[in-house]
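The values are calculated or read from the model by the stated rules, or taken from the named source; none is laboratory data. Small disclaimer: the values here were computed from a predicted structure and weren't measured. Neighbour counts run over all protein chains shown; Cβ positions are idealised from the backbone, glycine included. Please note that ligands, DNA and RNA were not included when accessible areas were found on the heavy atoms of the full protein model with its side chains. Shrake-Rupley method; radii C 1.70, N 1.55, O 1.52, S 1.80 Å.
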Amino acid sequence: MKLGFLVDLNLCMGCKGCEIACKVENEVPLSSWRLRVKYIDIGSFPDTSRSFTPLRCNHCENAPCERICPVSALHYLDNGIVNIDSERCIGCAGCMMACPYGAIYMDPESNTADKCTYCAHRIEGGLMPSCVVACPTEANIFGDVEDETSQISRYIMEHQGNVQVRKPEKHTNPLHYYVGGGNNTLNPLAHERIEGYGLFNNITTLDHPGNPNRSILDRFLEPIFGHPNDNLDNKSLLDMNSKGDK
Amino acid sequence: MDHVSTIEATKAIVTMDVAHTGIIWGWMITLNMWAKSIGTGVILVGAFLLYRHKHEDMPSLRWLMPLISFIALNVFLFFTLIDLHQPFRMIHIFTHPHWTSSITVGAWLASIFLVLVSIMMFTSFFTHFSEFRKNCAVAKAVRSKDGLYEKVFPFTVFLAFPVTMYTAIIMSQSAARELWVPGAELIQMLLAAFMVGSASFILIGGKWAEAVKKDLAMILAISVLFSFIMYMGEYFFSYKAAEVEATLAYIHSGGPYFLDFWTGMLLGYIIPFIIATTMNDNRTMMKFAAVTTFIGLYFAKSTWLEIPQLLPLS
Ligand code: SF4
Ligand code: SF4
């Protein structure tokens, strides 16, 4: 069994339902994403279009992140999922340097690497990944790519010639496919990112991966004495923010 | 919205995006590589000098070589450790090693190397300073094992090569960063070790024989020349991969990385080469060249480490 994903970009309407469902399901901390939907504007007025591309870990068959991880915190499951054991992770960020898709982040709460696991915990219980369930257009298709009768296998066969993966030249063999993708949607070098300008938000650069309020000394003291921010979670951070607004 | 009109009609613009994670491996990893080059470089250059010259021509080499290496390796390990987000879990590399990872292989090799250098350092130090803690039982025991120095030295020299070069494989396994090509990086790591290895001895070997100093000047000149040629080749002629060109654009377009890169080239390569080839009998100038080599190498390493990380990956 090899579990894979396929996103039909012709169906995706950019609602970001999958992005939010993922954040809620996996309690992904603020300023981190396991799955995000990239918006791209193409053309100039009045001849313009906008395209949407959900991006997540590709669960590569030949995963550079798994290869570089010095302690096997990143490892393959029998069903093809590239999983991560945050208890094992030493926080070297090697995987962040290795993943050609920028799919890994340093969790600011656990200070370990994290990423999409295709909701391995849900799959174990017989459920679909939460992003699949949330998608109103059924643009996210998930299943066993080794089973010829699965929906994903049939979809791939029906769309022969129009099925793409990101950066095939990297030989990572992604188990994540797109239908209706093109250079602009799948190639990060095909478009411009204007620093400080965005439709909904500012494009900014994080100071450092992980928790920006955690000093180098904290890395040593925290496991012994704890950290004043220990109890911070999404809710308390939101509370703090809303207090600051008043 | 003015700037939008400057975008070509065919050019797509990302309008909504997550924040770029910025520099993941920054100054701590630069310092890590820089210090490791010194730690292995003094062993490699020291071995060359011991092969070519008599001990009497370089009286302090026997104990200073492992001492400098020991200090530099500890700086290297210190920055390796504090760069980890979970430093206490470093032990997992030894308890749960994953052998496909060059980080694992490198950590093991560097640890064994440090043990060997420590043996050389302690035995030579206590033998050289024979009056120091003369009656201390530990010091006596270490002195009595002085023969170990010559026994472990060949293994230390042998290990210095992979310990110097394994970072190039980590960079190669960083599959997201195409600028780092293993062949080029392996040789750059080796040349960096020879650069700062010779520079270290130029600084401390003021009273050494002239023939030794000539050799040090030659090693410095050759290593900076070869390394400079490799950087120039990559800087000016990387036409082949779109990602590499896009990465180098961060230097080509001016700004802080342009300044850092050329500061590194000037201090680390051009100045030492000119001095080492034209004024190598001038002690003061050679020391100046050694100092600029250390500074320049840091700038060069730092730029080369950081620019590929500026590229958006998705
Ligand atoms: S997309 Fe990145 S994180 Fe996911 S398996 Fe591939 S290399 Fe690893
Ligand atoms: S940060 Fe964690 S998961 Fe990533 S390579 Fe290092 S140890 Fe492995």
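Tabulated results
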| item | result |
| --- | --- |
| Where chymotrypsin sites (Phe, Trp or Tyr not before Pro) in DSSP loops with at most 14 other Cβ within 10 Å are excluded, longest remaining stretch of chain B | B:133-238 |
| For region B:78-86, Karplus couplings with θ = phi - 60° (6.51, -1.76, 1.60), whole Hz, Gly/Pro x | 4, 6, 4, 5, 6, 6, 6, 6, 10 |
| Between region B:187-254 and region A:18-46, the Cα center-to-center distance that results, in Å | 43 |
| Cut-off under 5 Å, modelled amide H: who pairs with residue A:177 long-range | A:5, A:6, A:7 |
| Principal axis box of region B:99-258, alpha-carbon based, largest edge first, Å | 66, 44, 27 |
| Under-5 Å amide H pairs with residue A:146, H placed in peptide plane, nonlocal only | A:2 |
| Kirkwood hydrodynamic radius of chain B, Cα pairs, Å | 21.2 |
| Surface share of carbon and sulfur [accessible, 1.4 angstrom probe, percent] for chain B | 72 |
| Stokes-Einstein diffusion coefficient of region A:1-123, Kirkwood radius over Cα pairs, 25 °C, 0.890 mPa s, in µm²/s | 157 |
| At least 20 Å² of accessible area lost relative to the chain alone, listed for region B:280-314 with a 1.4 Å probe | B:312, B:313, B:314 |
| Per-residue HN-Hα couplings for region B:180-188 [Karplus 6.51, -1.76, 1.60; θ = phi - 60°; Hz; x = Gly/Pro] | 8, 9, x, x, 5, 5, 4, 6, 4 |
| Convex hull volume per residue in cubic angstrom - Cα atoms of region B:238-305 | 82 |
| The protein assembly as shown: antiparallel DSSP beta bridges as a percent of all, rounded to 5 | 75 |
| Simple spin-label estimate for residue A:146 and residue B:28 in nanometres, 7 Å along Cα-Cβ | 4.0 |
| Amide proton proximity set for residue A:72, modelled H, under 5 Å, gap of 5+ | B:98 |
| Buried solvent-accessible surface, both chains (A, B), 1.4 Å probe, Å² to nearest 100 | 5800 |
| Descending semi-axes in whole angstrom, ellipsoid equivalent of the protein assembly as shown, from the Cα gyration tensor | 49, 27, 21 |
| ³J(HN,Hα), Karplus 6.51/-1.76/1.60, whole Hz, each residue of region A:42-47, x for Gly, Pro | 10, x, 10, 3, x, 9 |
| Accessible surface, region B:255-297, averaged per residue in Å² (probe 1.4 Å) | 47 |
| Interface residues in region B:84-132 - accessible area drops by 40 Å² or more relative to the isolated chain, probe 1.4 Å | B:84, B:85, B:86, B:87, B:88, B:89, B:92, B:96, B:98, B:103 |
| Accessible surface, chain A, averaged per residue in Å² (probe 1.4 Å) | 47 |
| Within chain B, helix-based [θ] at 222 nm, where runs of 4 or more DSSP H residues each add -39,500 (n - 2.57), nearest 500 | -23500 deg cm²/dmol |
| Protein accessible area in region A:6-149, 1.4 Å probe - carbon and sulfur % | 50 |
| At least 20 Å² accessible surface lost relative to isolated chain, residues of region B:172-186 (1.4 Å probe) | B:173, B:174, B:175, B:176, B:177, B:178 |
| Helix-only mean residue ellipticity at 222 nm for chain A, each DSSP H run of n ≥ 4 adding -39500 (n - 2.57), per residue, nearest 500 | -6500 deg cm²/dmol |
